[in-house]
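The values are calculated or read from the model by the stated rules, or taken from the named source; none is laboratory data. This one's a predicted model, so the numbers in the text were calculated from it and none came from an experiment. Neighbour counts run over all protein chains shown; Cβ positions are idealised from the backbone, glycine included. Remember, those area values only see protein heavy atoms, side chains included, never the ligands or the DNA or RNA. Shrake-Rupley method; radii C 1.70, N 1.55, O 1.52, S 1.80 Å.
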Amino acid sequence: MDKPLLIGIAGGSGSGKSTVTQELISLIHEEQVLIIEQDSYYKDQSSIPYEERIKTNYDNPLAFDNELLIEHLIKLKKGESVEVPIYDYEIHNRKKEKELVHSKDVIILEGILILAEKELRDLLDIKVFVDTDSDVRIIRRILRDIRERGRSLESVILQYMSTVRPAHLQFVEPSKRYADIIIPEGGYNKVAIDLLYSKVAAVLKESKTVE
């Protein structure tokens with residue numbers, strides 16, 4: 001392809017964004033797809049003590065280094081390679097190592113706030129919002145944070161009530177209006193996934209025809 005197709009998949013924490021991504025990849029050739037996670041672009045906090053880093057509101061747009069993310073997306077859309085930061089949730093900071101990734105035919109940007117930022121939206125060819133009930137989202141978040149991030153049940157619930165829920169209502173939910181496609185119930189909505197894939201396949205086919 002002359003220009004990669006950039007798909008943004010947004011939605012609240014625990015909405016099923018990753019499931020939608022994996023379902024979409026299963027329909028496309030995996031070697032054609034590059035996944036970029038907005039979470040990788042949390043700001044570097046090396047200058048801040050650990051005791052202060054754990055107080056950061058990670059569900060606020062200000063927590064992300066969108067300037068770097070935008071720079072990388074522009075390079076990827078040009079077919080260039082970039083070094084993506086690796087974020088460590090246990091130390092609440094980036095690792096020293098970075099991951100070198102190469103541009104592919106389809107780039108999927110996944111994250112809770114990607115539709116809340118105009119500069120990010122303007123780079124997206126297809127904007128998707130995964131819309132899932134709040135009770136389902138909190139249960140999924142609890143299971144994920146305990147199993148994968150070593151969190152306690154109490155800390156997950158306190159964080160959800162103090163920062164996650166308010167940020168969802170203030171930033172995430174309103175960004176839904178910018179979506180081209182809204183997928184209720186995430187990756188379990190096979191009809192919506194098939195419709196999304198049909199759109200992606202059509203754009204890919206048209207691009208190759210133009211070439």
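When the criteria are applied in full, Leu143 fails the requirement of being modelled with pLDDT of 95 or more and farther than 15 Å from Leu24 by Cα.
Go through region 171-211 and count every residue that is modelled with pLDDT under 90, surrounded by fewer than 15 Cβ atoms within 10 Å (Cβ to Cβ) and of a type in the set (D, E, K, R). Number of matching residues: 5.
Take the conditions (1) at pLDDT 90 or above; (2) farther than 17 Å from Asn57 by Cα; (3) not acidic (Asp, Glu); His168 misses just one of them, which is (2).
Selection within region 114-126: residues that are more than 19 Å from Gln170 (Cα to Cα) and not acidic (Asp, Glu). The member of this set that is most open to solvent (accessible area, probe 1.4 Å) is Leu123. Take the conditions open to solvent by less than 10 Å² (accessible area, probe 1.4 Å), of a type outside the set (Gly, Ala, Ser), more than 28 Å from Val156 (Cα to Cα) and touching a residue at least 24 places away in the same chain (Cβ under 8 Å) and apply them to Leu76. Does it pass? Against the criterion (open to solvent by less than 10 Å² (accessible area, probe 1.4 Å), of a type outside the set (Gly, Ala, Ser), more than 28 Å from Val156 (Cα to Cα) and touching a residue at least 24 places away in the same chain (Cβ under 8 Å)), Leu76 qualifies. Out of the residues in region 122-172 that are touching a strand residue (DSSP E or B) at 6+ places or on another chain (Cβ under 8 Å) and among the aliphatic types (A, V, I, L, M), state the one that is nearest to Ala201 (Cα to Cα). The selected residue is Ile126. Flag not set for Tyr58, criterion: touching a strand residue (DSSP E or B) at 6+ places or on another chain (Cβ under 8 Å), more than 21 Å from Ile182 (Cβ to Cβ), at pLDDT 90 or above and of a type outside the set (D, E, K, R).
Out of the residues in region 1-31 meeting the condition of being among the hydroxyl-bearing types (Ser, Thr, Tyr) and within 12 Å of the chain's Cα centre (by Cα), tell me which one is surrounded by the most Cβ atoms within 10 Å (Cβ to Cβ). By that ranking, first place goes to Ser15.
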